[in-house]
Amino acid sequence: MKHYNHIIRCILLLVIVVIGFFIARGALVPESFGVHGTYTYGYHRGDSAAEQADRYALYQGSTKCITCHAEQSLLWQPGRHAAVSCESCHGNWQAHNNNTSATIEKDNSVETCMLCHRKLNARPSTFPQIPEFGRHLADQDEQLQQGMLCVDCHDPHDPM
Amino acid sequence: MNNDRREFLKQTGWTVLGGSVYITLFSLLPGSSRAATATQHLYAFIVDTEKCIGCGKCVDACKRENSVPEDFYRTWIERYTILEDGTVTVDSPKGGSAGFNPVKTAGPVEKSFFVPKLCNHCRNPNCVQVCPVGATYVTKEGFVLVDEKHCVGCSYCVMACPYGARFVNPHTHTADKCTWCYHRIMQGHTTACVSVCPTRARLFGRVDDPQSSVYTILKKNRLQVLKPETGNEPLTMYIGLDKEVR
């Protein structure tokens, strides 16, 4: 019983440390942190998913575009580019919406069309491709001049 | 001898008691209770390599939608060129974001094709298992996400992913990867890459909804996944995958 005091002190110290640990843990670990689903794949801060779901979507799809641009949509919908979304070529809807007076991305250069239609070995052979733009011009019946663009003959909304 | 055994039993008793008190205390803490939300894998992504034309619209749209830093990619397109002598070359200039140009090859080309890649949102994601801080997880819908506020940027997950789908974002210094546009899906849109794909080479949808674009493909097509031997069970599936694709 001579050293009884020492043991009491040790236990007291241990209790303080344990209580301190739990207080600190309670303050530092977010409320929603824990197992959501299985322990292996679901141990995380539960609020994180909801925070990420809140982010604004820049690309809104063609249905949003055609509410205003009916003229283009009439050409585009029955055409061969119907599967190509407005935002594929014209940039995202939100960039246009932020400042509607700003013109949408409209690049009439040959390069814009060639991004999809340049002849490449890796492209599916059934996909329409142009091996060489100069040759393509020369192959046509009409007299075509240098400096002509794809869009001079093909309407990008309804190409033929 | 008798004395020793008594001591041993006493100590064992105390240890067991102390351990059980500790565990009980832990389970009483807020947030550590087991929530009733079970993980389901409700979505699948399908890539039809036979339709991909390598225009790079998907990569570009992804970068804009998710503010992906320059020279980093959440999705990218690889071009495989297989020569008649069996040589395989793979290139992906700027992740394919600006399209592809014709390449000069050393010999005649046997076959060539594009393979778009992205996070596979695996059923058994290695990347989640190795995270030491619980900053990456599977949502209840089956998306593999990163909690930017909790990630310490140790990049264990970057090394664990067998598909190279993850990177450390140079601005936030946290792990970053394709989220299957989680925010867009939750708001009723499709992913940015799917929405701009001109040839419908990319499809995304619910696996249990007969109206979704992937439903019939999952039922009728023969699909492959990348590196099935890893056991990750990817939910990004491919049509027309060549044996040379890694």
- Message: Over chain B, with the other protein chains present, what is the accessible area per residue in square angstrom, probe 1.4 angstrom?
- Response: 50 Å²
- Query: Rule-of-thumb check for chain B: C-alpha Rg over 2.2 N^0.38 Å?
  - Reply: 1.32
- Note on the structure: CD proxy, 222 nm, chain A: helix-only mean residue ellipticity via -39,500 (n - 2.57) per DSSP H run with n ≥ 4, per residue, nearest 500, stands at -12500 deg cm²/dmol
- Note on the structure: So, with points 7 Å from each Cα along the Cβ direction, the B:Leu25-A:Glu51 label distance in nm works out to 2.9 nm
- Going by average Cβ neighbours within 10 Å, how do the peptides B:135-144, B:92-101 rank, with the highest at the top? B:135-144, B:92-101
- Note on the structure: When chain B is treated as a Gaussian network with springs between alpha carbons less than 10 Å apart, the largest mean-square fluctuation among B:Thr24, B:Thr174, B:Thr105 is found at B:Thr24
- Message: Shape verdict for region B:90-217, please, from the Cα gyration tensor: rounded (a/c under 1.5), prolate (a/b greater than b/c) or oblate.
- Response: oblate
- Note on the structure: Here the relative contact order (percent) of region A:108-151, from C-alpha pairs under 8 Å and at least 6 apart, is 45 percent
- Message: Net charge around B:Gln187, counting only other residues with Cβ within less than 10 Å of its Cβ (Lys, Arg = +1; Asp, Glu = -1)?
- Response: +1
- Item | region A:53-136: GluC sites (Glu not before Pro) falling in loop per DSSP and having at most 12 other Cβ within 10 Å | A:Glu132
- Note on the structure: log10 I(q)/I(0) for the protein assembly as shown, Debye formula on C-alpha points only (no solvent), q = 0.10, 0.11, 0.13 Å⁻¹, two decimals, reads -0.78, -0.90, -1.17
- Query: According to the square roots a ≥ b ≥ c of the eigenvalues of the Cα gyration tensor, what is the shape class of region A:102-153, taking rounded for a/c under 1.5, prolate for a/b larger than b/c otherwise, and oblate for the remainder?
  - Reply: oblate
- Query: Considering chain B as a Gaussian network with a 10 Å cut-off on Cα pairs, which listed residue, B:Val68, B:Val109, B:Val196, attains the greatest mean-square fluctuation?
  - Reply: B:Val109
- Which angle between 0 and 90 degrees, to the nearest 10, do you get for helix A:4-28 versus the longest principal axis of chain A when only C-alpha atoms count? 20 degrees
- Note on the structure: Residue-normalised 222 nm signal for chain B, counting each DSSP H run of n ≥ 4 as -39,500 (n - 2.57), nearest 500 deg cm²/dmol, is -7000 deg cm²/dmol
- Distance in nm between pseudo-label sites at B:Thr216 and A:Phe127 (7 Å out along the Cβ direction from Cα): 2.3 nm
- Note on the structure: For B:Tyr73, the accessible surface traced by a 1.4 Å probe with all protein chains present amounts, in square angstrom to the nearest 10, to 40 Å²
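The values are calculated or read from the model by the stated rules, or taken from the named source; none is laboratory data. The structure presented is a predicted model; accordingly, all values stated were derived computationally and were not measured. When we count neighbours, we look across all protein chains shown, and the Cβ atoms used for this are built from the backbone with ideal geometry, even at glycine. Heavy atoms of the whole protein, side chains included, go into the accessibility calculation; ligands, DNA and RNA do not. Shrake-Rupley method; radii C 1.70, N 1.55, O 1.52, S 1.80 Å.
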